[in-house]
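Have a look at the structure below before the remarks.
The values are calculated or read from the model by the stated rules, or taken from the named source; none is laboratory data. Since this is a predicted model, take the numbers as computed values, not measurements. Cβ: placed from backbone, ideal geometry, glycine included. Neighbour counts: every protein chain shown.
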Amino acid sequence: MQSNAKTVQEYLKEIPEKRQDALSTVRDVILNNLPTGYVEVMNWGMITYEIPLKTFPGTYNKQPLMYAALASQKNHMAIYMSCVYSDENQLMKLQNAFAKMGIKPNMGKSCIRFKDVSKIPLTTIGELIGAYSVEDYIQNYNRCRK
């Protein structure tokens, strides 16, 4: 479900109330661990954490380089984590955190789908978000694009 909201606050207000709390909880984890240089904006109909074009204009699609995102979809909520998609060690750390919780993750290549925030490893998600400085992520992006 794409949103036309212009601000994060508008987005959070338009989603169902029970999802507002869950997404706000995940958002707080992201914001508390997000390295300097990433910005939180609405893009692609969801809350995104990205590197502004003024910092890194060399993206393949001429759009800001997305690092992470949060969305309320039709049947679930999702966290999109590009650092997990592009780094096998990060993916293993996330999978191990789910295993320790005794939960089988509902994941795609870069997304973690969830209905209940207590069923995702928030501490590990925070650690993974904090793992890449803007400079490190640009280097990783360029390595993966080759």
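Filtered by the rule that a residue be of a type in the set (Val, Ile, Thr) and within 13 Å of the chain's Cα centre (by Cα), the stretch 78-117 gives Ile79, Val84, Ile112.
Within the stretch 24-44, track down each residue that is without any contact (Cβ under 8 Å) to a residue 60 or more places away in the chain and closer than 19 Å to Gly108 by Cα.
Result: Trp44, single match.
Helices (runs of 4 or more DSSP H) fully within the stretch 1-120 that include at least 2 residues being charged (D, E, K, R) and more than 18 Å from Ser133 (Cβ to Cβ): 8-14, 17-33, 88-101.
Taking Glu88 and the conditions (1) in contact with a helix residue (DSSP H, G or I) (Cβ under 9 Å, 6 or more places away or on another chain); (2) farther than 22 Å from Leu23 by Cβ, which numbered condition does it fall short on, given that it satisfies the others? Every condition holds for Glu88 apart from (1). In the stretch 1-11, of all residues being of a type outside the set (D, E, K, R) and touching a residue at least 24 places away in the same chain (Cβ under 8 Å), the one that is farthest from Thr124 (Cα to Cα) corresponds to Asn4. Looking at (1) at pLDDT below 95; (2) over 23 Å from Glu14 (Cβ atoms), which one does Trp44 not meet, given that it meets all the others? Of everything listed in (1) at pLDDT below 95; (2) over 23 Å from Glu14 (Cβ atoms), Trp44 misses just condition (2). Taking the stretch 102-118 as the range and being of a type in the set (S, T, N, Q), in contact with a Phe, Trp or Tyr (Cβ under 8 Å, 6 or more places away or on another chain) and more than 18 Å from Tyr49 (Cβ to Cβ) as the test, only Asn106 passes.
Can you find a residue that is among the β-branched types (Val, Ile, Thr), without any contact (Cβ under 8 Å) to a residue 60 or more places away in the chain and touching an Asp or Glu at 6+ places or on another chain (Cβ under 7 Å) anywhere in the stretch 112-121? Scanning the stretch 112-121, I find no residue that is among the β-branched types (Val, Ile, Thr), without any contact (Cβ under 8 Å) to a residue 60 or more places away in the chain and touching an Asp or Glu at 6+ places or on another chain (Cβ under 7 Å), so the answer is no.
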